[in-house]
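Engineer: Please find one structure pasted underneath; my questions will follow.
The values are calculated or read from the model by the stated rules, or taken from the named source; none is laboratory data. Given the structure is predicted, the values throughout are model-derived calculations rather than measurements. Note that each Cβ is placed from the backbone with ideal geometry, even for glycine, and that neighbours are counted across all protein chains shown. We work out accessible area using only protein heavy atoms, side chains counted, and drop any ligands, DNA or RNA first. Shrake-Rupley method; radii C 1.70, N 1.55, O 1.52, S 1.80 Å.
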Amino acid sequence: MPELPEVEAARRAVEENCLGKKIKRAIIADDSKVIEGVSSSEFESALISKTIVSAHRKGKNLWLLLDSPPFPTFQFGMAGAIYIKGVAVTKYKRSAVKDNDEWPSKYSKFFVELDDGLELSFTDKRRFARVRLLNDPTSVPPISELGPDALFEPMTVDEFMESLSKKKIGIKALLLDQSYISGIGNWIADEVLYQARIHPLQISSSLSKENCATLHKCIKEVIQYAVEVDAECNRFPNDWLFHFRWGKKSGNIKGKKIDFITAGGRTSAYVPELQKLSGTLASKAADKPRKQASKRKEGKAEEDGDGDEPSSEEEETTETTKSKKGASREKKNQDDARSEEDDEDPKEKSGKVKTKTSNKQEKSAKTSKQAASSRNSKKPKRAK
């Protein structure tokens, strides 16, 4: 979920509240999946007595410049978030940590207490984020591989048109490519394409100059507006697709139907009546709505759950609620989980699919072996 506006809001919160303060205490989670390349004890030792000089961002990555290297660097993933105790930092559409939760959260991966008593925490419930300790964050991946930042380093209209004319891939896939433009994720891509009235699968090089100029304008306006309101989604304009794209089934915006297709490896919300394919693709288009949530396995929802439901990444399970009220709540959580899955990195999703496929194959082989053994045991002995 966190994209450029959410990470920028976190950067500004750190900048406004933490600069010039010394780190008095640090607690780094013993979680090698999130804390990459360094032990928790080494990380903690590298932070103690250091002063936070500035906060920087590129794309969906944030790093803190201290008075001497190395520097803590945060790649937010799907659910990474910065929290400062007593300070209102932006909340995501589905925030993993609630105001009345314990502090620091049990999902905290990076926690520091500053010399004036202020406390900062980076949490990640789903464990797709990465926290690193680097001497020069901009010189190594992932930051060194990023394209120009959509807010700080925007292309000119002419540069944008020229670059699109050379791209033979779908426009949404291109917008999601962080090496092309950094900071745009699934919800921003859906929003700008909706506002520009461009189909997510339209080949980039086939866009007219007018389409390119409109898209360039929409990217600028959507990102700047979201940043200005500190990514508080309840302050986004009421007519933004953002408020409607989280649905699990086809919905409506201003009386027009919303459908879901896969574009750039992500489930994409668009309005067929307004966003139409043009050129040779138009005749080949198969704008099939995403399968209804009821056709998916319930186990997938529990695996990718968010909100109040524990994630399988934390190796927790969810009890099935038997009452009508409980069943309704569980159905909502499953739907939310599927919608959250739609924003997941395709590589992460691919890994899950492979794991689940392997498990199914193992179970199938085991069942076949047991069945064969049973048949052999029941086979009558030949009479001598």
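Engineer: Compute the normalised compactness of the range 34-143: alpha-carbon radius of gyration over 2.2 N^0.38 Å, N being the residue count. Can you show the working numbers first?
Structural biologist: Details: Rg = 13.5 Å, N = 110, 2.2 N^0.38 = 13.1 Å.
Rg over 2.2 N^0.38 Å, computed on Cα atoms: 1.03.
Engineer: In nm, what is the difference between 0.36 nm times the number of residues separating residue 41 and residue 24 and their Cα-Cα distance?
Structural biologist: 4.6 nm
Engineer: Which shape class applies to the range 103-220: rounded if a/c is under 1.5, otherwise prolate when a/b exceeds b/c and oblate if not, where a ≥ b ≥ c are the square roots of the Cα gyration tensor eigenvalues?
Structural biologist: Details: a/c = 2.70, a/b = 2.25, b/c = 1.20.
Prolate shape, in that a/c is at least 1.5 and a/b is the bigger ratio.
Engineer: Same structure, new question: For residue 155, tell me the accessible area in Å² from a 1.4 Å probe, rounded to the nearest 10.
Structural biologist: 40 Å²
Engineer: I've got another one for you. Considering the dipole of the range 155-236 built from charges on the beta carbon (Lys and Arg +1, Asp and Glu -1) around the Cα centre, which of 211, 188, 156 is farthest to its positive end?
Structural biologist: 211
Engineer: Let me ask something additional. Go through 101-111, 186-196, 23-33 and give me the packing order, highest mean Cβ count within 10 Å leading. Each step should come with its number before you reach the end.
Structural biologist: Values: 101-111: 18.5, 186-196: 24.6, 23-33: 16.5.
Packing order, densest peptide first, comes out as 186-196, 101-111, 23-33.
Engineer: Taking the range 214-271 on its own, what percent of its Cα-Cα pair distances exceed 20 Å? Write down the numbers at each step before the final one.
Structural biologist: Values: 602 of 1653 pairs.
That tail contains 36 percent of the Cα-Cα pairs.
Engineer: When the chain is fully extended, how far beyond the present Cα-Cα distance does residue 166 get from residue 243, taking 0.36 nm per residue of separation?
Structural biologist: 24.4 nm
Engineer: Report the label-to-label distance for residue 115 and residue 158 in nanometres (one decimal), using points 7 Å from each Cα along the Cα→Cβ vector.
Structural biologist: Label-label distance for residue 115 and residue 158, simple model: 5.1 nm.
Engineer: Moving to a separate point now. Report the accessible area of residue 90, computed with a 1.4 Å probe over the heavy atoms of all protein chains in place, in Å² rounded to the nearest 10.
Structural biologist: 20 Å²
Engineer: Quick one: grab the alpha carbon gyration tensor of the range 180-251, order the square roots of its eigenvalues as a ≥ b ≥ c, and give me rounded if a/c is under 1.5, else prolate or oblate depending on whether a/b is larger than b/c.
Structural biologist: It comes out oblate by the Cα gyration axes.
Engineer: Using the per-residue mean of other Cβ atoms lying within 10 Å as a proxy for protection, in what order, highest first, do the peptides 221-234, 118-131, 36-49 fall?
Structural biologist: In decreasing order of mean packing, 221-234, 118-131, 36-49 become 118-131, 221-234, 36-49.
Engineer: What residues of the range 114-148 lie in the reach of a label at residue 53, counting those whose backbone N is under 13 Å from a point 7 Å from the Cα along Cα→Cβ?
Structural biologist: 135-137
Engineer: Could you give the length gained on full extension between residue 254 and residue 144, defined as 0.36 nm per residue of separation minus the Cα-Cα distance, in nm?
Structural biologist: Gain in length upon complete extension: 35.4 nm.
Engineer: Report, in listed order, any pair from 58/254; 217/254; 109/254; 125/172; 125/166; 33/257 with a Cα-Cα distance greater than 30 Å.
Structural biologist: Too far apart for the 30 Å limit: 58/254; 109/254; 125/166; 33/257.
Engineer: In vacuo Debye scattering of the range 156-212, one point per C-alpha: log10 I(q)/I(0) at q = 0.18, 0.24, 0.25 Å⁻¹?
Structural biologist: After summing over all Cα pairs, the log10 values are -0.54, -1.01, -1.10.
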